[in-house]
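Data first, discussion second: the structure below is written as structure tokens.
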Amino acid sequence: MSNPKVVAVEPEEHQALVLAFANGERRRFDVSPYLDKGIFRELRDPIYFRRVRVVSGYVTWPHDQDFSWDTLYLESVPVDGPAGTPTSPSARSTPWETVP
């Protein structure tokens, strides 16, 4: 069985991503361990970091930095919002980038 694909992404401060997966899970992925590695250095720029998008189940940035859904799922942690916190993209007040 393969890991679920990403269907939506929301960038957070401090180089983290909140991800919605096809199985309905929400998880947080910390990008900071990658920021000193080659092409990922550009993600240190907070404006550029917020340009993240979902493409075919991956997350990607304009200059071809990307993470596969397997990496994102295996290296992320579940997000459990406090009571009253929306947990689905449709219920959030901030926009999610979703797959068309």
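The values are calculated or read from the model by the stated rules, or taken from the named source; none is laboratory data. All values reported here derive from a predicted model rather than from experimental measurement. Cβ placement follows ideal geometry from the backbone for every residue including glycine, while neighbour counts extend to all protein chains displayed.
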Applying the selection to segment 52-78, what residues are within 15 Å of ALA16 (Cβ to Cβ) and exposed (fewer than 15 other Cβ atoms within 10 Å of the Cβ)?
GLU75, VAL77, PRO78
Return the residues of segment 32-54 that are closer than 19 Å to VAL7 by Cβ and in contact (Cβ under 8 Å) with a residue 24 or more places away in the chain; say none if nothing qualifies.
ARG50, VAL52, ARG53, VAL54
What pairs come up if the first residue lies in segment 1-25 and is in a loop (DSSP other than H, G, I, E, B), the second is at pLDDT 95 or above and of a type in the set (A, V, I, L, M), and their beta carbons are under 8 Å apart, counting only those six or more places apart or on different chains?
ASN3/LEU74; PRO4/ALA22; LYS5/ALA22; GLN15/VAL31; GLN15/LEU35; GLN15/LEU43; ALA22/VAL6; ALA22/VAL7
For segment 26-60, give me each residue that is within 14 Å of VAL77 (Cα to Cα) and either in a loop (DSSP other than H, G, I, E, B) or in contact with a helix residue (DSSP H, G or I) (Cβ under 8 Å, 6 or more places away or on another chain) (or both).
ARG27, PHE29, VAL31
